[in-house]
């Protein structure tokens, strides 16, 4: 098995009316309906992106931007 690690730049939009993942140029935008309070939006982003990339929740993490709408997300998956 081969381990694949990829880092993605993300723009997070909390308190959105819809939940979705979109891509524009080199940034992925993530809309979640959770508020940016006490890490709720971050947890929702990680869950949504784990589903989007079809990886387990423990294989995805926030490298940079815990308290910012711009984040660097790492996806570490095993092929």
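Quick note: the coordinates plus some simple rules give every number you see, no bench work behind them. Bear in mind the structure is a predicted one, so any value in this text is a computation, not a measurement. Positions of Cβ are backbone-derived with ideal geometry, glycine not excepted, and every protein chain shown enters the neighbour counts.
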Open item on the list: For segment 7-23, which positions are part of a strand (DSSP E or B) and farther than 22 Å from residue 76 by Cα?
Closed with: 13
TODO: Run residue 14 past the list (1) touching a residue at least 24 places away in the same chain (Cβ under 8 Å); (2) surrounded by 14 or more Cβ atoms within 10 Å (Cβ to Cβ); (3) out of contact with any helix residue (DSSP H, G or I) (no Cβ under 6 Å at 6 or more places or on another chain) and report the number of the one that doesn't hold.
DONE: (3)
TODO: Select from segment 45-58 the residues that are surrounded by 13 or more Cβ atoms within 10 Å (Cβ to Cβ) and either in contact with a helix residue (DSSP H, G or I) (Cβ under 7 Å, 6 or more places away or on another chain) or touching a residue at least 24 places away in the same chain (Cβ under 8 Å) (or both) and write down the one among them that is nearest to residue 68 (Cα to Cα).
DONE: 45
